[in-house]
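Read the structure below first, then the notes.
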Ligand code: RIB
């Protein structure tokens, strides 16, 4: 079981030929308003990889977002509506598939301690992961309580904030970062992140794949070559897929392989959540490359 206390965003996605300079106005080539947010992207990746996930989150009065989530076979019984705007993101995607993102948290900051703690207390902690990112309020409090109750905690340090990451570190079993976030964390700690007492540290390396650091050993996973159209949500897809496979008892190498394949497919499509491949698509992709 995986409990994801996570963000839900409306992604406003603009495809551009290049990113604008400061003070410059440019015209976009296309526009889409779609489901995103690191939290829900990870939950959908978990669900599509065969994981048993409950997403706990908040939105404003946007029924269509709830419908989008349900249409991906996700249960929405732990997603609540509240007063104020749904969290949202402005995303520029350039011709290389790279992005620039600004988020506004909106309803993602409406988590309350009493509600989160009650949810944690109503689930068994045995073999259950609690997943958090840096897009909701109270993640330090939720992580602290989750560890007290015996859950395993997974944290993706994005969007990166060194103060927040440092507060999370004592409560984490799986820390996920990209290269840039790793460098920032290293700089802020002034010591080797891999010397920290964290069971698993997953570093995603874009087209170079990923590395999983397990105390004294490191497992490297190369990426599957695919032309990137939009890399938004690739890290979320990798982490969610990896965690689902790990929680389902796959050996670590298989979990990494599945995650690399899922994110390699995801980047060939526009959008974050809607681009995440199904289990069958990923298996077929892996099998084709083994033939
Ligand atoms: O990781 C990608 C996500 O970051 C987007 O879906 C956007 O909503 C932001 O949260």
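If contacts are Cα pairs under 8 angstrom and at least 6 residues apart, what is the relative contact order of the stretch 1-135 in percent? Walk me through the intermediate numbers first.
On the way: 264 pairs, mean separation 46.1, N = 135.
For the stretch 1-135, the relative contact order is 34 percent.
I need the Debye-formula profile for the stretch 74-196: one equal scatterer per C-alpha, no solvent, reported as log10 I(q)/I(0) at q = 0.11, 0.13, 0.19, 0.20 1/Å, two decimals.
Computed log10 I(q)/I(0) values: -0.46, -0.63, -1.18, -1.24.
Name the most mobile residue of 234, 49, 165, meaning the one with the largest mean-square fluctuation, in a Gaussian network model of the chain with Cα contacts below 10 Å.
Between 234, 49, 165, it is 165 that shows the largest mean-square fluctuation.
In Å³ and rounded to a whole number, note down the convex hull volume per residue for the Cα atoms of the stretch 117-167. The partial results should precede the final answer.
Numbers: hull volume 3.4 nm³, N = 51.
It comes to 66 Å³ per residue, whole-number rounded.
Can you order the peptides 12-18, 85-91 by their average number of other Cβ atoms within 10 Å per residue, highest first? Kindly include the intermediate steps, with their values, before the conclusion.
On the way: 12-18: 16.0, 85-91: 21.3.
Ranking, from highest mean packing down: 85-91, 12-18.
Can you grab the distance from the C-alpha centre of the stretch 6-37 to the C-alpha centre of the stretch 52-125, Å, no decimals?
Rounded to whole Å, the Cα centres lie 19 Å apart.
Could the peptides 247-253, 54-60 be put in order, highest first, of the mean number of other beta-carbon atoms found within 10 Å of their residues?
Working: 247-253: 14.1, 54-60: 23.6.
Result, highest mean first: 54-60, 247-253.
On a full-extension model of 0.36 nm per residue, what is the gain between residue 31 and residue 90, subtracting their alpha-carbon distance, rounded to one decimal in nm?
Values: separation 59, 0.36 × 59 = 21.24 nm, distance 1.05 nm.
Computed gain between residue 31 and residue 90 is 20.2 nm.
Just need the Rg to Rh number for the stretch 33-128, please, alpha carbons only, Kirkwood Rh. Each step should come with its number before you reach the end.
Working: Rg = 14.8 Å, Rh = 14.9 Å.
Using only Cα positions, Rg/Rh for the stretch 33-128 is 1.00.
Direction-averaged shadow area of the convex hull around the Cα atoms of the stretch 179-289, nm²? Before the final figure, lay out the partial values.
Values: hull surface 29.0 nm².
About 7.2 nm², averaged over all directions.
Which order results if 25, 204 are arranged by neighbouring Cβ count within 10 Å, fewest first?
On the way: 25 6, 204 27.
Fewest-to-most ranking of 25, 204: 25, 204.
Which value in nm describes the separation of the simple spin-label points at residue 141 and residue 109, placed 7 Å from the Cα toward the beta carbon?
Calculated label separation equals 1.4 nm.
R0 = 25 Å: FRET efficiency of residue 283 with residue 208, Cβ-based, nearest 0.05? The partial results should precede the final answer.
On the way: r = 24 Å, r/R0 = 0.95.
The calculated FRET efficiency here is 0.60.
Could you give the length gained on full extension between residue 149 and residue 196, defined as 0.36 nm per residue of separation minus the Cα-Cα distance, in nm? Please list the in-between numbers first.
On the way: separation 47, 0.36 × 47 = 16.92 nm, distance 2.20 nm.
Once the chain is fully extended between residue 149 and residue 196, it gains 14.7 nm.
Taking the beta-carbon count within 10 Å as an exposure proxy, list 245, 116, 82 from fewest neighbours to most. Intermediate values should be presented prior to the final figure.
Details: 245 24, 116 21, 82 14.
Going from sparsest to densest Cβ surroundings: 82, 116, 245.
Taking Cα pairs under 8 Å and at least six residues apart, what relative contact order does the chain come out at, in percent? Spell out each step's value before the answer.
Numbers: 634 pairs, mean separation 54.6, N = 291.
This gives 19 percent for the chain.
Assuming R0 = 45 Å, what is the FRET efficiency of residue 67 and residue 218, from their Cβ-Cβ distance, to the nearest 0.05? It would help to have the intermediate numbers written out before the result.
Values: r = 42 Å, r/R0 = 0.94.
Once the sixth-power term is evaluated, E becomes 0.60.
Order by neighbour count: 48, 166, fewest other Cβ atoms within 10 Å first, most last.
Details: 48 25, 166 14.
Taking fewest neighbouring Cβ atoms as first place, the list is 166, 48.
Which residue fluctuates the most in the chain, going by a Gaussian network model with Cα springs under 10 Å, if the choices are 198, 26, 102?
26
In square nanometres and to one decimal, what's the mean projected area of the convex hull around the Cα atoms of the chain? If you can, show how the numbers build up before the last one.
Values: hull surface 60.7 nm².
That works out to 15.2 nm².
No value in this document is a laboratory result; all are computed from the given coordinates. Here the structure is a predicted model, which means the values were calculated and not measured. Glycine also receives a Cβ, built like all others from the backbone with ideal geometry; neighbour counts cover every protein chain displayed.
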